[in-house]
Each structure stands twice: as structure tokens, then as C-alpha cells.
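The values are calculated or read from the model by the stated rules, or taken from the named source; none is laboratory data. Because the structure is predicted, anything quoted here is derived from the model rather than measured. As a convention, Cβ positions derive from the backbone with ideal geometry for all residues, glycine included, and neighbour counts pool all protein chains shown. The accessibility values were calculated without ligands, DNA or RNA, using every heavy atom of the protein model including side chains. Shrake-Rupley method; radii C 1.70, N 1.55, O 1.52, S 1.80 Å.
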Amino acid sequence: MLISYNWLRELTGTILSPLELRERLTMVGLAIDAVEEKESDAVLDVEIPSNRPDCLSHVGIAREVAVVVSGKLRPPSGKPARSEGRSTDLTSVEIRDPDLCPRYAARLVRGVRISPSPAWLAKRLEEIGQRPINNVADITNYVLHELGQPLHAFDLAKLGGQRIVVRRATAGEKLKTLDGVERTLGANMLVIADAERPVALAGIMGGEDSEISIQTTEVLIESAYFNPDSVRQTARKLGMDTEASRRFERGADCENVLRAQNRCVELICEIAGGVATEDAIDVYPSPLPARSISFRPCRVDSLTSLRVAETEMKRILTGLGIAHTEESSAVWKCVPPSWRIDIEREEDLVEEIARHFGYDKIGSELPPSNQSGEHQPKELKIRKLRRTLQALGLDEAINFSFIELAPDNQLELIPEFHAQDPEHAFVTLKNPIIEHQGRMRPTLIPGLLNSLRHNLNHGIRSVRLFETGRIFAESDSGELPKEREALALIATGGALEANRAQAPRETDFYDLKGSLEAAVAAMNRASLRFTKAHVKHLREGQSARILLADGTPLGSLGTLGERISDAYKLRQLVYVAELDLSRLLDVEELPVQYKPLPRYPSVVRDLTILVDRQITLGELLHTIEGRQVDDCRGAQLVGTYEGANIPEDRRAITLRIEYRSDERTLLNEEIEDRHRGLIDSLLRQYSAQLH
Amino acid sequence: MAESQSQEDPTTQVEAASKAFEHEFERFARFTDPSAAVQGLTLDWAESEQHALAQLRTRHLGKKSALAICKKSIGRVAPEGRAAFGQLVQRREAEIISAIEQAETKLKSHIQSARIQRESIDVSLPGRRPRSGHLHPITLLRERLEDIFVALGYAIEDDREIETDFYNFDALNIPQNHPARASQDTFYTTNGLALRSQTSTVQIHAMQRRGAPVRMIAPGRVFRRDTPDPTHNPMFFQVEGLCVDRGITMAHLKGTVAELLRRMFGSRTVTRFRPSYFPFTEPSAEFDFSCFKCGGSGCRICKNSGWIELGGSGMVHPHVLRAAGVDFDEFSGFAFGFGIDRMVGLMYELDDIRLLFENDVRFLEQFD
Ligand SMILES: [Zn+2]
């Protein structure tokens, strides 16, 4: 809010410079964003905390200044030069809905002459960013900025029946507001009406029909207190935000109603001429009660560590208008003033004292330590995973948690999210901010595909990314939605090497698989299993299901399918994997345990067989393991070969088998015998040939 | 023939052998000058010369060499001339050995250096390794913050991102009519749940679970309905801290925040507290720190104020403690919070924080 320095000085007599004021007010909680030097004044842009509507005026700020400089506020006067006649003889006020309007006061000034405002008034308003209109309208605006009470001036002659009725609108009722917009009202909107129709939106804006014009001679000055929620809801529904609504929404001062009206009437008589009525019609059926708070002065020390003398506490409370009496030396009874709607309890009083005594006087020490720190149990594992993927050349991506609705049915989700009813499987936002992005992501893949798209659009064709993050799905039982951590990897383009312009080869399926395996190994979990599977978003024949060692499915890995590739306009092969990280982290860590080193030598035998292309290495290894050949310590891949000299439907696989005994050195004949048996059984089982 | 040779005078035979050597050795003579460098000799040629030299040695010093035969014919020398003859043979043999060895040494060293030349590698070629990846700057900073607080005795906590109104607002003492609750500011699901708008929600869960005393921080994603622009994102990362114990005061809050900022921005960093308002704390304070770039004299980063605003804090409101089941007559506590994204933006002088979630490789590559 813009505050005139000169105005502030008139109200407080402060001798602080604008820059000194900036510093001092900032340190009591009224941050000043900017000080603009004007011709003969300075304008302070004050940031008012949302709980301090009392500061939305010059007097409000002046109250704080007076406490800061230990001075006195010089409030403006409020007595019209001439008054005659009783308001009740000339008009009437009826509040039909006191729940939304606890207080309404009306007073008349007759015989005014509407004209432009005098120069000083126009200038003062312009300095704080207000546009002068005419003398009467400007005076209501001036008093609003001086005392914080929104006022409205009606042309009495244009009020049907010369009366005021405060009531809820009837649904569909119409009102053309001062900004020239015809508005259709709802049944819960509070209006000021005359005998027949609405003439103003209560606490927000007046109506055009009853506006002050050059012909106006009799004005009715409205000063009222409206229910903050009612004003907020109406303003929001109608998309309006005015100086008046802003103050009523946050809470005006119900006891300021008559004072502001007096001040306004005084200024009208002085500037626009005319005679005020002797009194106001003040309808205030049930005055708002004052709050009384028990305050223990020792709490200042125990909450803030500040040692504040009682006399200083009392000075601050008094300066802020907080009445206080000592019930005992340990407990005071405090009554905050009507404008301080934010002060409700002891802690609020502690803050008032602390901020005026000075936050800068609070000491600085670490709390005594009696607890040991700890990371989240899984964080250190995830750190290893991240570092491993990084070392293997993947960059870490972070995407928004919301995605577009469209790709839902094209992607296979992690097993935990396989739902019966896809219609209600996902968490949807009621009010997305980015168009179409209304789905809480059930998978990380769309985000990574978008990131990939972004990079390709910028001419980067080799991209490897990973992301860890929360994914979401509705739960079946009507409980809170499921949230799980997922890990996803994506890769395309060349297998880049450090400091080389050209990748020696293209990235492929096995790069991504290797990265995933390395990351899981870094977390010291049992190795994953991969089985050929049909996965919705992956290319047939190049897709795998990822399983835990015990067969629990975790996710999928493979070459991105053509349909989804096309949807993202990806014209090169893309490899993608996603798995349920929460599930993976639940798996027990592998124990690390010492095994004695072998005492007898091992012997290896290589074996190359020609098998059908559909037979996987996994099957062969599984078979070898299952055979439990004596002293066979396992088999590992040497290589595969397909192409020239080999029938199209077959391929050669070379395995290395290790034989070793813990009791003795094996004899050559024994090894030959066992190896022969193993070969024979493989050849039989897979209709294979030795190659 | 052998007969006629054997008839020749052995001394003459020795001299003839010596002459024959000198003649054959001529082509190697250039390898015997220790001061002259060997010029214009490729490694291959030098190796064949070395081989030829070895053959020469066999021919002139081997068991079947002329000199060896001469030695055997000493019987034919008159007894009085034998001593002189023996000396002559030894002298000539020594001359031949010395010439060959000189040449061998020289050739060998030439070959060695030529081989080093040929086999030398360009050590400035790049080492063989995959291009390394990069962690996201938010992750890097979050890990650093977590480590600092673990060292200060805090537990790291996290919880749900989709929350009930109770955890997101009620328990945090956010009034029913507070603008933060409006669908203008907070995301809601079609089932009426909120995307958490601050990680303070985690504090409530943690206090309910752990009870008091408690010391924890909650780093994580939060959501607010801001349209993306250079200074806003609808999702960002935040750290909220909480310390509840007997006798906790604002001095402890100030000390903790100041310690954090010194560890982040250097030991000379000064922290400033300003009164402010948050529904979940009372008294409340915003904290600023002295600009790490200019040290307080004013620059672009601190908008010439010398101070950088970072976050909010205060003493936990009794309503919040009550909602979390903590006895607020016995315990008091402080809480603070700030944006990780904002800190990343400050530290790296980002001019557009939307970059944080575009995952442009050229952006990510800059952090480590
Ligand atoms: Zn600076």
C-alpha cells in the first residue's frame, strides 16, 4: 500500500527521514518495498501482512510509527462547522440481514456544490496512486486512506423513497456498478437497496444510478461494517477487487464507523459547502464484544528469550492501544483495541512486545542437543542409485507431478497400479493451472518423453535421463490415493563418450538394462530378473518384464513402441524402463559375508551350441543350474553369434562352465565325464547341435 | 686348397683375417664414433643392421672364424715366435671385439630410442569412459541441506503429497476463510483432497508419530497454483524444519537458521529476522541473510539492499502443537521453511526458474 510521508508526518510529528522510517518500519514487520521521492514528498510502498488490516491506512501506519518513536498519534478532527436537522426526518435505514451487516450508519449533507477537488486534495490522492473524480467522491476516498474505513456517498435524490435497505439480493436481480458493468446478482450477495432496487454492492462498489453527479446537492454518506466472508465471496464471484472490498474482506474496525463518517462530513462541509445533519442514523443492534486476554509477562522471556522491563512492556501495549491491568504481578488482563482483530491470545501479545522491543535484540544459539540425526531410511540407498546412474552417463530429470490426460491408456503402469476399473484409476485435478495437465502422474514415462522431445527439438539427439519421484493412483477402497516412488530411465541416440565428438556406437536395449542392473547392484539388492513379455507401450519382441528374484513383477523395460513414438514425434529408437522403487526398496538387503577362498584349482570348459533363436540365455542358464551337475560352479555367457553360416532361425551361444571341488583337484576324466553329460542334456532338451 | 692354406705362414693368416674383418666392418664404422649421432636410420633398417652385425661377429669371432683357426695353428709357429704370435692373435681379436661392441652399443641405443619414438602415445587424447551424467541441482542442494541438518541432530522426514484439508490447513491453524485454501491458490483433486501447499504437513504427521521432543526437517515437493513464468512454477521444492522441546525459544530458532546459512553461504554470513505473519507460528519472523555476492554493499542479486530474503519462521502456534497432540504447556518449539528452488536460483543466478523442470541436457550438464 502506498503511504505519503508528509501525511504520516502530519499524523505523528516524526522527524525520521523516509529512509529511516523504511528501516524502522521494516524491523517492526511492515516491510517497505520501495521509497519513491516526489517533488515535495516521498511515497512509501508498504507491504501489509494479511492479518493486519488495521494498517491499511495512514492512521494505521502512524500508530506503529508513534510506538517506534515513542511519540503520540495526532488524530484528525471530526466536527462539521455547521449542522442542522435530524437525519431521521429525512431518510431511514433498515438492516434486514444483520448477520452480514452488523452496523450501518447514514448521515446527510445538504446544499453541497459538486466540483473538482481543491489542488491539495487532488495532489495528495494522486501521490498515492488514486485518481481524483470530484470533491465529494474524493473526500470519501481521502478518509478511506486516512482512517481505513471505506465510505460511500449516494445522491439522496436518486434513492427511491429516500431510504436505505440493507438486504440480500434476490437471485437474478441486476445492478449496474460504477465501472459501467451490469451485474447479475446471486441470492447470497448483500446489497444496499433503496425502496425498490439495489443501489450498491455492499462493501464493494456503488451503483451508477445513485452516483454523485454535477447536479447533486444532497448526499447520503454511508459508513458501515460488513461481514468479511460475505464481502470476499461476493467479490470473488463477481471477479471484483476494490479498495473497499480489500479492507472489508480482511476485517474493518467496527468502532471506526462513526469517527470516519464525522471526518468525512467535516471535510465535505469545508470543501464542498453544505450543512450536515446533526446526527447519524446508526443502526448497530448488537455491538461486537471486546476480547480480554490473560497475559503472563514471563512468557515474553520463555518464548523469545528477550528480557523486557515491565515498564517497556506497558509502554508498547499502551502505544498500540492495548488496555492492560495487573490482576497479579504474574498475570495481566489485556484488552486489544477494536482495530486489532488479529490479537487473540497470549502469544500474539508476546509478539507485539517482541517486535517493538526489537527482534534484533534476540540472541542466537543452537538448542542443546539431545537427539541424534538420521537420514530417511531409504535415502542413502537412493543416493547410491543416483550416483551409479550418473556415473553411467544418465542425467537426472525432475518433471512436474501433473501430466496430460491423453497418454493414460497407452502406457502400462507398475503392477501396484494395475487397476480393475481404469475409469476411476487415476487421480485427477479439479483445477489444473497448465491447460490439459490435470492428471497426477501414474507413471514417470510421459514426463521423460516430454523432456526427450524438448532436447530433440533443441538439436540434441543423444539423451539419457532418469527420474525418481512420486506416482499416484486412486485406491480402490475409498482411502487416500496411493503414492509410490518410481524410477524411470530413458535413452536414445549415441552411446556418448566423454570428450569425444562422435559416439562410437548407438545406445541400445542392453545399455539401459545394464544401467538398471548396476543401480540395483549399487543398492546391494539381489539381481533383477528379466523375462520376455508383452508390454503395451513397448515394441513387440523387444520388451521385458522386470521381476524380483522371487518372481514379483516390478516394472518393464524395452524399446518404445511405434504408436507412442509417433505420438511424441520421436523418429529414432528410444529405450525406456520404469519400476516400482518403493517395492524394490522393501526388499531386504543382501548380507555381505566372507566365504573361504577355493583351495583347489577350477577348470573351465567352453561350449558352443546352435539353438533355436527363440531359446533365451536365461533358459539355458536356468537349465544348467537345475541339472545340479557335480562340482559344476556355474555358467557364464561368452558370446552369441548369428548370421553367415548359421541358419536364419538359429543362433550360436558360447558358454563357459566352471568345475571345481572343495575336497580335491578334479581329474581330467571326471571333468570330461560331467561336461559331456551336461552337453548331452542341453542338446537333447533344446534340439541343439554342437557348433 | 686347405693344404696350401695350411702351408701359409700363420702370422700372415692372422693379418689377412684382420684385413678381411676391417673390410667387412666398413659399413658399420659409422657406429663407432661415440660423439656422432646416427642420422637417417629408420628403426627397421637399424634392426637389420643389428642382425647383420651379429652375423659379422659370428663370422669373425665364432668357432669357425679365420681367427679361431689361426689360434689352433700355433703349433706351426717356431717355438721362439709363439709368444709374439699369441700376443698378435689376442691383439687382433681384441680389436675386432671392441669394434663390434662399440657398434653394437651404439646401434642398440639407437634402436631403443627409435622404438620409444615409434611407440610413444599422445597422452592428451581423452581417457576412455562414458560421458558422465549429472544430478539435478535441486537434488544436489537437497542432499547438502539434509546432511547439514543430520549433523545438527535432525531426522529427515517425508510424507504424502496428496493431503487432507486437516493436514494441509486445519492442523496448521490456517483459518477457514484464508486465501490459501481457495482453489485459486491450492490444487484440489476431484475428490476434494489438496496437493500439499507446504511440507509443514509432514511436521504434523511426524509429531503425531514421534511425539515430543522432536527435531526434524521435511524436504519435498509442494504445489501452488502459480502460472509458470521466470520466477514461478506451480510445483517447487521446500524444506521445513521443526524443533520441539522443553525451553525452546526464538534465540534457538535464530541460532539454527544462522548456523544453516553460515554453512551454506560462508562463515561471514549475517542473518536478520523481521517480524511477519504466518498462521502456524506466533511470534513469526521472516529471515534475510547478508548478500553472499556483494557482502551487503548492494548488487543485482540483492536488488541493492544488501539482504536476500529467504524464508519464514517462528514459534510453533499452540493450535498446531495441540492438533499434533503435543502438550504446549510443557513444550515449545520453532519452525522454519524456505524454498530449495529459490536457493538454487540464487546460488546459480538463474534468470528463469522454469529451466529447473525442462530437463534440457545443456542446463543439467552445468551442475555437479
Ligand atoms: Zn548483493
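Any chance you could check region A:1-33 for residues losing 50 Å² or more of accessible area when the partner protein chains are in, compared with the chain on its own (1.4 Å probe)?
Buried by the other chains: A:MET27.
If you take the accessible area of B alone plus A alone and subtract the pair, what total do you get in square angstrom, rounded to 100, with a 1.4 Å probe?
So the buried area, both faces added, is about 7800 Å².
Of the accessible area of chain A, with the probe set at 1.4 angstrom, what percent is carbon plus sulfur? Let's see the in-between values first.
Details: 15140 of 31440 Å².
Whole-percent figure for carbon plus sulfur exposure: 48.
Kindly sort A:SER117, B:SER98 by accessible area of their heavy atoms, largest first, with the probe set to 1.4 Å.
Greatest to least solvent exposure: B:SER98, A:SER117.
At a probe size of 1.4 Å, how large is the accessible area of A:ASP566, to the nearest 10 Å²?
110 Å²
In region A:210-257, which residues become less accessible by 20 Å² or more once every protein chain is in place, relative to the chain on its own, using a 1.4 Å probe?
A:ASP229, A:ARG232, A:ARG236
How big is the antiparallel share of DSSP beta bridges in chain A, given as a percent to the nearest 5?
Antiparallel bridges: around 95 percent, rounded to the nearest 5.
Could you identify which residue out of B:GLU349, B:GLU49, B:GLU157 has the top mean-square fluctuation in a GNM of chain B using Cα springs shorter than 10 Å?
B:GLU49
Cross-link candidates for B:LYS106: which lysines have Cα within less than 22 Å, leaving aside residues fewer than 8 places away along the same chain?
Those lysines meeting the cut-off do not exist here.
Just how far, in whole angstrom, is region B:294-368 from region A:391-461 if you go by their alpha carbon centroids?
Comparing the Cα centres of region A:391-461 and region B:294-368, I get a distance of 28 Å.
Nearest 0.05, what FRET efficiency do B:ASP327 and B:VAL270 give at R0 = 51 Å with Cβ-Cβ as r?
0.90
Accessible area per residue, 1.4 Å probe, Å², for the protein assembly as shown: what's the number? Could you put the intermediate results ahead of the total?
Values: 48230 Å² over 1059 residues.
Here the per-residue accessible area is 46 Å².
Order A:HIS324, B:HIS51, A:HIS145 by their accessible area, 1.4 angstrom probe, all chains in place, largest first.
The ordering from most to least exposed comes out as B:HIS51, A:HIS324, A:HIS145.
For the pairs B:LYS19/B:LYS72; A:LYS381/B:LYS254; A:LYS513/A:LYS595, note any where the Cα-Cα span goes beyond 31 Å. All intermediate terms of the calculation are to be shown ahead of the outcome.
Working: B:LYS19/B:LYS72 19 Å; A:LYS381/B:LYS254 33 Å; A:LYS513/A:LYS595 29 Å.
Beyond 31 Å between Cα atoms: A:LYS381/B:LYS254.
Taking the Cβ-Cβ separation of A:GLU196 and A:THR608 as r and a Förster radius of 60 Å, what is the calculated FRET efficiency to the nearest 0.05? Let's see the in-between values first.
On the way: r = 102 Å, r/R0 = 1.71.
That gives a FRET efficiency of 0.05.
Can you tell me the length gained on complete extension of the stretch A:ARG86 to A:SER687, counting 0.36 nm per residue apart and subtracting the Cα distance? Write out the running numbers ahead of the final one.
Numbers: separation 601, 0.36 × 601 = 216.36 nm, distance 11.53 nm.
Between A:ARG86 and A:SER687, full extension yields an extra 204.8 nm.
Within 10 Å of each Cβ in A:543-552, how many Cβ atoms from other chains are there, averaged over the peptide?
0
Connecting C-alpha atoms closer than 10 Å in a GNM of chain B, tell me which of B:ILE97, B:ILE204, B:ILE148 has the biggest fluctuation.
Highest fluctuation among the options: B:ILE97.
Mind checking the mean number of beta-carbon atoms from other chains within 10 Å of the Cβ atoms in B:249-261?
Neighbouring Cβ atoms belonging to other protein chains average 5 per residue here.
Per-residue ellipticity at 222 nm for the protein assembly as shown, helices alone: DSSP H runs ≥ 4 residues times -39500 (n - 2.57), over residue total, nearest 500 deg cm²/dmol?
Helix-only estimate at 222 nm: -10000 deg cm²/dmol.
Normalised by the residues of region A:603-690, what does the relative contact order come to in percent, with Cα pairs under 8 Å and at least six apart?
It rounds to 43 percent for region A:603-690.
List residues of region A:469-484, by number, whose backbone nitrogen lies under 18 Å from a label position 7 Å along Cα→C-beta of A:HIS424.
Residues A:473-483 fall inside that zone.
How many angstrom lie between the Cα centre of region B:135-166 and the Cα centre of region A:329-388?
Spelled out, the Cα-based centre of one part sits 19 Å from the other.
Would you kindly find the accessible area of A:GLU10, with a 1.4 Å probe and non-protein molecules such as ligands, DNA and RNA excluded, rounding to the nearest 10 Å²?
A:GLU10 exposes around 100 Å² with every protein chain in place.
By the gyration tensor of its Cα atoms, with a ≥ b ≥ c the square roots of the eigenvalues, what is the shape of chain A: rounded for a/c under 1.5, prolate for a/b over b/c, or oblate? All intermediate terms of the calculation are to be shown ahead of the outcome.
Details: a/c = 3.63, a/b = 2.56, b/c = 1.42.
Note, shape of chain A comes out prolate.
Just flag the chymotrypsin sites (Phe, Trp or Tyr not before Pro) in region A:555-625 sitting in loop per DSSP whose Cβ has no more than 13 other Cβ atoms within 10 Å. Each step should come with its number before you reach the end.
On the way: sites: A:TYR568, A:TYR575, A:TYR594; in loops: A:TYR568, A:TYR594.
Passing sites in region A:555-625 are A:TYR594.
Evaluate the charge dipole of region B:142-201 about its Cα centre and quote only its size in Debye, nearest 20, assuming +1 on the Cβ of each Lys and Arg and -1 on the Cβ of each Asp and Glu.
180 debye
Mind ordering B:355-361, A:602-608 by average Cβ neighbours within 10 Å, highest first?
B:355-361, A:602-608
About its Cα centre, how strong a charge dipole does the protein assembly as shown have in debye, to the nearest 20, once Lys and Arg get +1 and Asp and Glu get -1 at the Cβ?
1900 debye
What is the calculated FRET efficiency for A:GLN376 to A:LYS237, with r their C-beta to C-beta distance and R₀ = 51 Å, to the nearest 0.05? Could the numbers behind the result be given before it?
Numbers: r = 44 Å, r/R0 = 0.86.
Computed FRET efficiency for A:GLN376 and A:LYS237 comes out at 0.70.
Just the accessible area for A:LYS595, please: 1.4 Å probe, Å², rounded to the nearest 10?
150 Å²
Which whole number gives the average count of other chain Cβ atoms within 10 Å of the Cβ atoms across peptide A:481-487?
Mean partner shielding for this stretch: 2.
Can you list the residues in region A:385-404 whose accessible area drops by at least 30 Å² when all protein chains are present, compared with the chain alone? Use a 1.4 Å probe, heavy atoms only.
The answer is A:ARG386, A:ARG387, A:GLN390, A:GLY393, A:ASP395, A:GLU396, A:ILE398, A:PHE400, A:SER401, A:PHE402.
Given a 1.4 Å probe and every protein chain left where it sits, what share in percent of the accessible area of region B:2-119 is carbon and sulfur?
55 percent
Taking the Cα centre of region A:2-68 as origin, sum charge times position over the Cβ atoms of Lys and Arg (+1) and Asp and Glu (-1), and report the length of that vector in debye to the nearest 20.
It comes to approximately 260 debye.
Using a Gaussian network model of chain B whose springs link C-alpha atoms within less than 10 Å, name the residue from B:ARG224, B:ARG142, B:ARG129 with the highest mean-square fluctuation.
In the Gaussian network model the winner is B:ARG129.
Round to a whole angstrom and tell me the spacing of the C-alpha centers of region A:594-672 and region A:89-134.
Cα centroid of region A:594-672 versus Cα centroid of region A:89-134: 97 Å apart.
Sort B:ASP165, B:ASP44 by accessible area with a 1.4 Å probe, largest first.
Working: B:ASP165 55, B:ASP44 95 Å².
Ranked from most to least accessible, the order is B:ASP44, B:ASP165.
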